[in-house]
Structure formats: structure tokens, C-alpha cells
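Read-outs: derived from the displayed coordinates by stated rules, not from any lab. Just so we're clear, the structure is a prediction, and the values are computed from it rather than from any experiment. Here the Cβ is made from the backbone with ideal geometry for all residues, glycine too, and neighbour counts use every protein chain on show.
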Amino acid sequence: MSAVMVAKKVTRKWEKLPGKNTFCCDGRVMMARQKGVFYLTLFLIVGTCALFFAFECPYLAVNLSPAIPVVAAVLFLFVVAMLLRTSFSDPGVLPRALPEEAAFIEMEIEAANGNVPPGQRPPARIRNVQINNQIVKLKYCYTCKIFRPPRASHCSICDNCVERFDHHCPWVGNCVGKRNYRYFYLFTLSLSLLTIFIFAFDIVHVVMRSVDSGFVNTLKHTPGTYPFSCALVEARFKLLSFLTVLEVVVCFFTLWSVVGLTGFHTYLISLNQTTNEDIKGSWSGKNRVQNPYSHRNIIKNCCEVLCGPTYPSVLDRRGLLLERLSDPAILPATAAPISRNGNPEPQLTKTKVPRSPSEQAPEDTGSGFTPSTEDASSMDKIPSPRQEKPPTPKDPPPLSPGDNTDTALDKGKVH
């Protein structure tokens with residue numbers, strides 16, 4: 001019974017993947033291990049929008065336009081969707097080489113470098129490829145045991161090689177690479193619009209109330225609430241004034257940082273560069289090497305990054321792995337085979353009955369059928385190996401003349 005359970009055990013590939021990623025929902029969700037800043041990002045977005053919907057939107061919808069909360073809700077849902085899509089997806093992690101592949105690559109490198117004299121540093125493990133009439137170097141990753149594709153890099157936080165690596169963003173809790181860069185850019189762009197929208201209508205709300213009752217009274221009634229008892233007026237004033245100021249301050253600082261980040265990535269997209277390439281100066285160094293991936297056209301570069309095809313994941317996280325039994329004693333040698341419907345098939349076994357010494361054991365015919373009478377009569381005509389006559393002895397070899405005389409003397413004695 002235990003052997004059947006071991007044979008039917010299902011193991012997904014994400015359970016055996018190396019690296020420092022965490023997986024949820026049976027491998028469908030992939031994130032980095034450091035997720036604290038991601039939770040802070042989600043809390044700030046949801047908390048700021050909750051304050052806006054609870055306190056500013058009712059007044060603005062009545063006195064200005066009912067479309068304000070609708071637009072804010074659409075932007076909020078889009079921001080959260082892009083954040084989760086960026087955080088929960090595979091950024092383009094490359095699988096590591098198998099032991100056989102790693103040994104073959106090491107053998108190729110040793111054959112290419114030759115014998116390095118002791119005390120000398122071996123040459124760098126680099127391969128050159130040509131892209132758009134320009135030589136691009138492929139570096140060897142000592143952790144993943146592969147030559148990284150162009151624009152790929154190894155993330156030290158996730159401990160994986162990521163294709164078209166841009167950067168590791170702690171605010172989304174994941175790497176930003178080939179498969180989730182467009183969602184990251186849409187997240188920053190929509191978050192910038194949402195921040196500008198909330199910050200602008202916060203100011204509009206304060207100005208509209210200040211016209212009616214003055215700025216100080218506006219802070220007392222912002223966020224707008226129903227009157228309480230006199231004992232709670234002062235506490236309500238302090239708390240709600242603090243929430244209003246907090247909302248404005250969060251939007252103000254978020255506005256500069258997020259809008260600046262969106263502008264920087266817009267600049268990179270127009271040049272078809274990554275953050276990693278821009279920091280290292282890969283295409284703007286002393287050699288003034290041109291970017292082989294740029295189309296020399298802003299519209300084409302933006303279309304390639306934002307409107308290109310969605311690449312599939314090469315990890316196959318939810319694929320099945322066939323586990324081998326490490327202990328052969330777990331699976332007995334006489335285990336019954338399992339049929340297609342899951343029931344054990346019956347086995348035919350031979351039983352030996354003890355016999356007396358005078359009885360002879362029947363010969364093993366190799367099959368379990370009994371011959372008919374006609375077959376038995378035909379088989380009787382065939383001589384068995386025991387009834388066969390022994391072969392006749394061959395003629396003796398000719399004797400020498402001395403042997404003939406001895407034979408004649410012996411015959412004379414007999415007569």
C-alpha cells in the first residue's frame with residue numbers, strides 16, 4: 001500500500017527550484033523573500049485612497065461632479081491590478097544548468113583555454129555574439145552555470161539570472177525583467193496619475209470649504225463628519241486634522257518620487273535601454289558604443305517595449321517531476337503490478353509440493369497446459385533423450401607391426 005502511495009506522489013517543479021524566491025497558490029505566484037516593503041506599498045495606496053473615498057469624495061460628488069469618485073475608483077483598481085501583476089509574475093528567470101550540462105560547459109571552457117600555467121589567472125569566461133553588426137559579450141554565471149543571454153544579469157537578492165534584467169524593486173517585492181517590465185511601467189504611470197488626481201482634489205476640497213467658512217473652520221470640519229458631543233469635539237478636531245494633513249503629505253512626497261520614476265523609465269523606454277545598462281553605462285561609456293537594440297526611433301522603441309508579444313515563462317513552474325525511490329527496500333520485489341483502473345492484477349505463482357524420494361518430479365514444460373490424447377500418442381513415437389542409443393564407437397586406429405605380433409600371440413594362447 002505504501003509503495004502505491006509513493007508511486008502516485010505528485011511533485012511540482014517550483015518545489016525544487018533553486019534561488020531565493022517564494023511561491024504561493026501551487027506555483028502560480030512568484031515573489032522575492034523580502035516582501036515587507038511590498039506590504040507597505042499596498043498599505044499606503046489602499047489607505048490613502050480609503051481616506052479620499054471616505055472624506056473628500058462625498059463632498060466633491062455633491063458640490064462639484066459625481067464623476068470624481070468614479071474616475072478615482074477606476075484609477076485605483078488599475079493601479080492595484082498592475083501592482084499585483086508585477087509582483088506575482090515571473091520576471092524572466094532563467095533555469096540553471098543541469099549537472100550534465102554544467103560539466104559539458106566546463107569541459108568546453110577548459111578545452112578552449114588550454115592548460116593555464118600555475119600562478120596565472122585563467123582568462124575570463126566570455127563568448128562573443130553579433131547583434132545588428134555589433135559584438136556583444138555573453139558573460140558566464142558561476143552560480144547558474146550558464147552563459148547569460150544578451151541583456152541578462154544575475155540578481156543577488158533573488159539569486160537567479162533574469163532575462164533583460166532591469167532592476168530589483170523592493171516596492172513591488174520582485175525583480176523587474178523581460179516578462180513584467182511593461183506592467184511595472186504601467187503601474188508607475190497609473191500611480192502617478194492617481195497621486196496627482198487625489199492631491200489636486202484634496203486642494204480643491206480645502207479651497208472650496210475655505211471660501212464658505214474660512215481655512216481654520218475647514219480644517220475642523222475636514223474630513224466632514226456629523227456633530228458630536230462637546231466632549232469629543234477637541235479629540236475629533238485633532239484626529240481628523242491629522243488625517244487630512246497626513247493624506248496631503250503622503251500625496252505630496254509620493255507625487256515627486258513616483259512622477260520622477262515614471263519620467264526616468266519613459267526616457268529609458270524611448271532609448272530601449274534598461275536601468276542596469278544605464279547605471280553601468282553600457283552604451284554611453286568612453287568607447288561610445290551604440291545600443292544594438294535601439295531602432296533609432298522613439299515610437300518603434302516604445303512599441304517594442306510596451307506593445308510587444310508576451311513571452312512565456314521558461315521555468316515551467318507547475319510542471320510535474322518524476323521522483324525516484326531512494327530506498328529500494330520500500331518497494332518490495334514481489335509487489336503486484338497495478339492495472340490501469342488502479343486495482344492490483346493477480347499473479348500466477350508456482351507452488352512446489354514436497355514429494356517422497358521414490359517419486360520423480362515431472363519435467364517442467366514451461367507452460368501450464370495439458371496435451372490431448374492425440375498429441376500424447378504422437379509424442380510417444382518421438383524417442384526421448386533417455387531412450388536414444390549411445391553412439392557406436394569408431395574403428396580403432398591401425399596398429400603398428402609390433403602390435404600385430406602381440407595380438408597374434410594372444411589369439412594363439414586363447415585357442
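Rounded to whole numbers, the Karplus 3J(HN,Hα) couplings from phi for the range 27-35 are x, 6, 10, 10, 9, 7, 6, 7, 10 Hz, using 6.51 cos²θ - 1.76 cosθ + 1.60 with θ = phi - 60°, and x at Gly and Pro. Size descriptors for the range 23-108: radius of gyration and Dmax over Cα atoms are 21.9, 76 Å. Positive contributions from Lys and Arg (+1) and negative ones from Asp and Glu (-1), summed over other residues with Cβ under 10 Å from the Cβ of residue 157, come out at +1.
Using the Cβ of residue 26 as centre and a radius below 10 Å, the other residues enclosed give a net charge of +3, where K and R count +1 and D and E count -1.
Shown in residue order for the range 148-161 are the 3J(HN,Hα) couplings computed by the Karplus curve 6.51 cos²θ - 1.76 cosθ + 1.60 at θ = phi - 60°: 5, x, x, 6, 8, 8, 9, 8, 6, 7, 8, 6, 8, 7 Hz (x for Gly and Pro).
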